[in-house]
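Notes to accompany the following structure.
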Amino acid sequence: MRILVCVKRVPAPGARINVTADGMAVDSAHLGFTTSPHEECAVEEAVRLVGEHGGEVTVMTLGPAAAEEQLRYAASVGAHRFVLVPIQEVDWDPQRTAAALAGAIGDVESADGAFDLILFGNESADAGGFQVGVRVAYALGRPVVNGIKGVDIADGVASARREVDGGFEVYNLPMPAVLGVKEGINLPRYPTMKGRLASKKAEVVVDERSVEVGGQARVRLHRPVETVSETVILGTGPEAAPAVVDLLEELGLLT
Amino acid sequence: MSLLVICDHDRGKLAEASLEALAFGRSLATSAGLDMEAVVVGEGAESAAVDLAAHGASTVHVASHELLTDFGPEAWGETVTQLVRSSGAEVVLACGTDRGNEVVAHVAARLDQPFVANCRSVEPDAGDWTITRVQWGGSLLEDVSLTAEVVLVTVAHHAVEPSVAAAPAAGVVAAFRPDLDASLAHTVVADRVVLTRGVTLSTAPVVVGGGRGVGSAEAFGPLEELAGLLGGVVGCSRAVTNNGWRPHSDQVGQTGTRIAPDIYIASGISGAIQHWVGAMAAKNILAINTDSEANMVARAGHAVIGDLHQVIPAIIEEIRRRRG
Ligand SMILES: Cc1cc2nc3c(=O)[nH]c(=O)nc-3n(C[C@H](O)[C@H](O)[C@H](O)COP(=O)(O)OP(=O)(O)OC[C@H]3O[C@@H](n4cnc5c(N)ncnc54)[C@H](O)[C@@H]3O)c2cc1C
């Protein structure tokens, strides 16, 4: 079985998100970067599925040259092949991103045949456009469902579970198929020392795409207005317990 | 020229999220000089028509087809696409729920048009559109300009209050039968599994949250106990789920659950922005942290500075004492 996972490199901000002076990007000068969480789980799911059914995992990212870091991370947790679609800009709009990825997937598939399964994150952690996986699936003519928190493969069918209020829905997609997965589908492993060493030697294929911009253009990023009020300190250590319980009583929660 | 709102319902009862989309749609239709219409799909859709009129829909398109009896993102997306083509809708709007965003993404792919997800405001602007949307699950806003033949947007969930129209609209029911390829059955819900649970994290009146500061899976015992005493549930940070101390279904935040309890007791949680967006709808927040400078302490209404392993047992004891 051949599985492709499309991942995005995103900054990992802490207590607040700062924006660059021109307003066009998250100020990442003092930040680390990570794989967007849904996609980190997608990589783990792919590695587990080929562990169970045999096969190979390819990971693709559209991003700056530095996104090679996220491809190498995927290598360190068990992915096999890597494709970088390099961009110079901070971000491409969703239409442009999807068109470039569909093109790059076409390149790999015309050489090696169709992927049985393509996994996307449900939405990227930063831009959160909620559409790239659907657009790529439509361009490739494959069935796609989002919000997936469980997958089983049998007899050429991907049986996928989607969490809804108080339970889940099951979808049976004939492969080749595309899924948008969510964090919680699994608990991603940490890289082993051996994995880390192997990832250094992983070969990254670079596939530059030239695609027209879409209809959505960023004007600026800004933080929402927040009303921060003074914190009432109820006390220090266990001596604060009566004050806490007074508060709970006041809120009518102790009945 | 019309604006089409995609509405979700349960056997004819409109979803809360759709009421938000209709409220947003009414004001957008007014500012853009458009007529607001609605589309409903699935069994029992006709009975939503009266409500839709009250919420301002001049025409209610009721789509029916064998492939639309249960949810299927592709069948729904294809249906709305065909309706947009035949009705000539200029703007298509849904609420930014999982379903709403998914269905509009399908419409966008089919029409080859941009799709702007989770908007806070959408304004016509000299032939183009000026939009503010949310990024990072609500921690950051992005202003975008949109150039499109058909404007496809979702409104961020909980960004607007539902409201009825000042005067009800005609709500003329128009049957719509899409032409759907049998292959779209591939992504229609094949089965449903109901996990009956009591209070859930998203609806609990009290959430006792634990972060890395709790230290281990076992150390959540007192948090469970406190939650039990208050009729609430335990929540946690991503540091906790990543350590395997709690299941992901307990995670509060951008990639977890959004909570809105009467009180959120956040212990041993630093208050990273991705955690905060999931917790900020709580009516009251009590932070318990050894670090008085922690972001959670700064943002909370109340705080106790101290070791949660001492503070939480003391709270439990005090509750027991008062209850006698
Ligand atoms: C894209 C993305 C999405 C994310 N989504 C989420 C999400 O959905 N939910 C989420 O929670 N996180 C999310 N995160 C992770 C987030 O950035 C933080 O890493 C995480 O929330 C930190 O968890 P924490 O507060 O438990 O741990 P820490 O940040 O390590 O904080 C531990 C806190 O415990 C306090 N403490 C330690 N010991 C004690 C003690 N004995 N008593 C009292 N206090 C003590 C410390 O002072 C500190 O404040 C996401 C990150 C990224 C990049």
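The values are calculated or read from the model by the stated rules, or taken from the named source; none is laboratory data. None of the values given here were measured: they were computed from a predicted structure. All Cβ positions, even for glycine, are placed from backbone atoms using ideal geometry, and neighbour counts span all protein chains on display.
Looking only at the range B:218-228, decide whether some residue is near the ligand (Cβ under 9 Å from one of its atoms) and surrounded by 21 or more Cβ atoms within 10 Å (Cβ to Cβ).
No: the range B:218-228 contains no residue that is near the ligand (Cβ under 9 Å from one of its atoms) and surrounded by 21 or more Cβ atoms within 10 Å (Cβ to Cβ).
Please work out which residue is surrounded by the fewest Cβ atoms within 10 Å (Cβ to Cβ), limiting yourself to the range B:278-311 and to residues that are more than 8 Å from the ligand (Cβ to nearest atom) and within 14 Å of B:Gly235 (Cβ to Cβ).
Filtering first and then ranking leaves B:Ala281.
Taking the condition of being under 19 Å from B:Asn118 (Cβ atoms) and not hydrophobic (A, V, I, L, M, F, W, C), how many residues in the range B:72-99 meet it?
6
Give just the number: which of (1) farther than 20 Å from B:Val160 by Cα; (2) modelled with pLDDT of 95 or more does B:Asp10 not satisfy?
Tallying (1) farther than 20 Å from B:Val160 by Cα; (2) modelled with pLDDT of 95 or more, B:Asp10 fails exactly one: (2).
Give the residues of the range A:149-177 that are in contact with a helix residue (DSSP H, G or I) (Cβ under 7 Å, 6 or more places away or on another chain) and either at the interface with another protein chain (Cβ under 10 Å from one of its Cβ atoms) or charged (D, E, K, R) (or both), sorted by residue number.
The initial filter retains those residues of the range A:149-177 that are in contact with a helix residue (DSSP H, G or I) (Cβ under 7 Å, 6 or more places away or on another chain), namely A:151, A:153, A:171, A:173-174.
Correct list: A:Tyr171, A:Leu173, A:Pro174.
Could you pull out the residue among B:Ala75, B:Ala45, B:Ala63, B:Ala17 that is farther than 15 Å from B:Arg177 by Cβ and assigned by TED's automatic domain parsing to the domain that holds B:Val172?
Working: B:Ala75 fails: farther than 15 Å from B:Arg177 by Cβ; B:Ala45 fails: farther than 15 Å from B:Arg177 by Cβ; B:Ala63 fails: farther than 15 Å from B:Arg177 by Cβ.
On inspection, the qualifying residue turns out to be B:Ala17.
Hey, among the residues in the range B:312-324 that are touching a Pro at 6+ places or on another chain (Cβ under 9 Å) and in contact (Cβ under 8 Å) with a residue 60 or more places away in the chain, which one's nearest to the ligand (Cβ to nearest atom)?
Per the stated criteria, the residue is B:Ile312.
Assuming B:Gly253 fulfils every condition listed in (1) within 12 Å of the ligand (Cβ to nearest atom); (2) over 16 Å from the mean Cα position of the chain (by Cα) apart from one, which condition is it?
(2)
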